[in-house]
Amino acid sequence: MKTPAPPSRSTIDLRDLTPARVGLGRTGASMPTKALLEFTLDHARARDAVHAAFDAPAIVSGLNDLGLEACNVSSRARNRNDYLRRPDLGRTLDSDSQRLLASRAGSACQLAIVVGDGLSPTAVHAHAIELFRSLISRLAIERIDIGHAVVASGARVALGDEIGSILGARMIVMLIGERPGLSAPDSLGAYLTFGPRVGLTDAERNCVSNIRGSGLGYDDAAFRIAWLVREGLARKVTGVSLKDESGGGTPQRVITNSSQPDKTEN
Amino acid sequence: MSDDPAVIGGLLRLLDEIIMRLQIPTQSCVLAHVTTTLGLIEQGMPVDLVFQSIAGTQAANRSFGIDLATLRQAHQAGLSLRRGSVGNNVMYFETGQGSALSANAHHGVDQQTCEARAYAVARAFDPLLVNSVVGFIGPEYLYDGKQIIRAGLEDHFCGKLLGLPLGVDVCYTNHAEADQDDMDNLLTLLAAAGVTFIMGVPGADDVMLNYQSTSFHDALYVRDLFGLKRAPEFDDWLFRAGLADADFRLAGNTGLLPDFAVRLLV
């Protein structure tokens, strides 16, 4: 510490380095009122995202506009509190939905896509249709047909396993609202599962995470998803043994759930 | 979020350099799977503390990719670096009620008992820190503020009974029925009960894992309220760095970064 003192910098300059809440200032030892109110507002927004009513009909009609005939199913979770308390109910279809899907299942298909509310219906409302727009053209380039499109209410990630197995899909892509954070209440995740069947674990899926305006953009996300679909179908596997080598950017954004076994619970 | 050894190794070197250059009386720890850290120790990386999440049943530990033999190996590897100056506690463990249930590895045993068994695992390896990440797991295990507070106090009690240096990540997710007021309550109760440590996260918002914990401001509050002192050598460093006054309270609030921090930015 013997070199001359560098020019002064404000603690607020630290905010250029990180999205974290640094340089908030203090009153005595406590947080200033402005920082406290911003935190409280962000928490309210995240809570609203968790508890927003899922507008499944709007998603179905958005998919129809893109030329995809979609149907509507529900898990066994009857309401939001049920859904939050009992993840097992969100991983199983109710009996009407099982019958509906069985009646629609024709011959086996390459790919079925499911849109589920998950822990942030807000994220699905904001991003699902726009992501689809990019994804449809990416999949067309890879010559992969979407056999079925399903919109699922009260859905956990593993609900896609049962849907895919009833429909006889070789691969499932599940688009689902991710657990909201204070700075990202509207982040969408895509989970890819080869050979979907009831009882698979998250180690057997790939995930493209953080799809939102200021996160991973629609085109980038669609590129990665389409790459993983193509490679998953060709190698007949998803999960830990399928690493993202799409070259679409930093690999940290594409993770398998197994890399964080104790810190996810979609 | 990456478990890439090269990334973790780079962070370990960076933190070691900061600690050495500024002569901060502290240790660093970069959270990664214990097998990743073992590999880094073999490469001679500066590992002060070996991290691992642990649970209270063999099957749950297996779902974390560990067993007692792995932990023993990691403990010995950590000691072999001889980096301890005032002690030889080289392990940092994280736990939390519900992890055995979440891994379907609880054998019908309640989550508090499973958690206490995790502390017995920790105790065998002479840890520096055991951290109960109490509200992280989500509402299917601890539904609301009241349950999180109860579980935090139970964990603290069991940690004391087993003679562990147990602290609590006083925290909650946005899909739990809890808010920062509940965390203020739990923080204050734990401080009154003599908790070993709490976490410091900028503005209480963990922007990577999307949950809320306790802030640096909270730590100052609880020290003020209970007259809790820092470790003497750390207090001394704060004074020499210009962050604290001779009476150990925070130095004047100029809104400017201290010189040593500005040098790190350049």
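The values are calculated or read from the model by the stated rules, or taken from the named source; none is laboratory data. Only a predicted model underlies this, so the values are computations on that prediction, with no experimental measurement involved. Reconstructed Cβ throughout: ideal geometry from the backbone, glycine too, with neighbour counts over all protein chains shown.
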Restricting to the range B:238-256, and then to whatever is surrounded by 12 or more Cβ atoms within 10 Å (Cβ to Cβ) and of a type in the set (D, E, K, R), can you tell me which residue is farthest from the other protein chains (Cβ to nearest Cβ)? B:Asp245
Looking at the range A:10-24, can you tell me whether even one residue there is in contact (Cβ under 8 Å) with a residue 40 or more places away in the chain and under 27 Å from the mean Cα position of the chain (by Cα)? yes
Kindly indicate whether B:Gly194 is in contact (Cβ under 8 Å) with a residue 24 or more places away in the chain and either within 11 Å of chain A (Cβ to nearest Cβ) or on the phi > 0 side of the Ramachandran plot (or both). yes
What's the total number of residues in the range B:153-188 that are crowded, with 16+ Cβ neighbours inside 10 Å, among the aliphatic types (A, V, I, L, M) and farther than 30 Å from A:Gly118 by Cα? 4
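Listed here are the residues, each with its yes/no results for (1) aromatic (Phe, Trp, Tyr); (2) farther than 25 Å from B:Asp4 by Cβ; (3) free of Cβ contacts under 8 Å to residues at least 12 places away in the same chain; (4) surrounded by fewer than 24 Cβ atoms within 10 Å (Cβ to Cβ).
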{"residue": "A:Gly147", "(1), (2), (3), (4)": "no, yes, no, yes"}
{"residue": "A:Ser187", "(1), (2), (3), (4)": "no, no, no, no"}
{"residue": "A:Thr193", "(1), (2), (3), (4)": "no, no, no, no"}
{"residue": "A:Asp202", "(1), (2), (3), (4)": "no, no, no, yes"}
Which of the residues belonging to the range A:93-137 are surrounded by fewer than 17 Cβ atoms within 10 Å (Cβ to Cβ), touching a residue at least 12 places away in the same chain (Cβ under 8 Å) and among the polar types (S, T, N, Q)? A:Gln98, A:Ser107, A:Gln110, A:Ser137
Which residues, counting only those in the range B:220-233, are of a type in the set (A, V, I, L, M, F, W, C), surrounded by 14 or more Cβ atoms within 10 Å (Cβ to Cβ) and more than 9 Å from every other protein chain (Cβ to nearest Cβ)? B:Val222
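Out of the range A:71-93, which residues are part of a strand (DSSP E or B) and more than 14 Å from A:Phe54 (Cβ to Cβ)?
Selection gives A:Cys71, A:Leu93.
Pick out the one residue from A:Ala152, A:Ala70, A:Ala112 that is away from every other protein chain (no Cβ under 14 Å) and more than 30 Å from B:Asn104 (Cα to Cα).
Only one candidate qualifies: A:Ala70.
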Of the criteria (1) more than 8 Å from chain A (Cβ to nearest Cβ); (2) under 30 Å from B:Pro139 (Cα atoms); (3) among the aliphatic types (A, V, I, L, M); (4) without any contact (Cβ under 8 Å) to a residue 12 or more places away in the chain, which one B:Met183 fails: (4)
Residues in the range A:37-52: is at least one free of Cβ contacts under 8 Å to residues at least 40 places away in the same chain, more than 8 Å from chain B (Cβ to nearest Cβ) and among the basic types (Lys, Arg)? no
Specify the residue that is nearest to the other protein chains (Cβ to nearest Cβ); the eligible residues are those in the range B:58-83 that are assigned to a loop (DSSP other than H, G, I, E, B) and under 20 Å from B:Leu166 (Cβ atoms). B:Phe64
All but one of (1) within 14 Å of chain A (Cβ to nearest Cβ); (2) closer than 30 Å to B:Val86 by Cα; (3) of a type outside the set (Lys, Arg) hold for B:Leu129; which doesn't? (1)
Check the range B:103-124 and report whether any residue there is away from every other protein chain (no Cβ under 11 Å), in contact with a His (Cβ under 7 Å, 6 or more places away or on another chain) and surrounded by 21 or more Cβ atoms within 10 Å (Cβ to Cβ). yes
Could you go through the range A:14-23 and let me know if any residue there is touching a Lys or Arg at 6+ places or on another chain (Cβ under 9 Å), buried (at least 20 other Cβ atoms within 10 Å of the Cβ) and either at pLDDT 95 or above or facing chain B (nearest Cβ under 8 Å) (or both). yes
If A:Gly164 meets every condition in (1) of a type in the set (Gly, Ala, Ser); (2) away from every other protein chain (no Cβ under 14 Å); (3) touching a helix residue (DSSP H, G or I) at 6+ places or on another chain (Cβ under 9 Å) apart from one, which number is that one? (3)
Residue satisfying condition, being part of a loop (DSSP other than H, G, I, E, B), out of contact with any Gly (no Cβ under 6 Å at 6 or more places or on another chain) and either hydroxyl-bearing (Ser, Thr, Tyr) or loosely packed, with under 14 Cβ neighbours inside 10 Å (or both), within set B:Val86, B:Val47: B:Val86
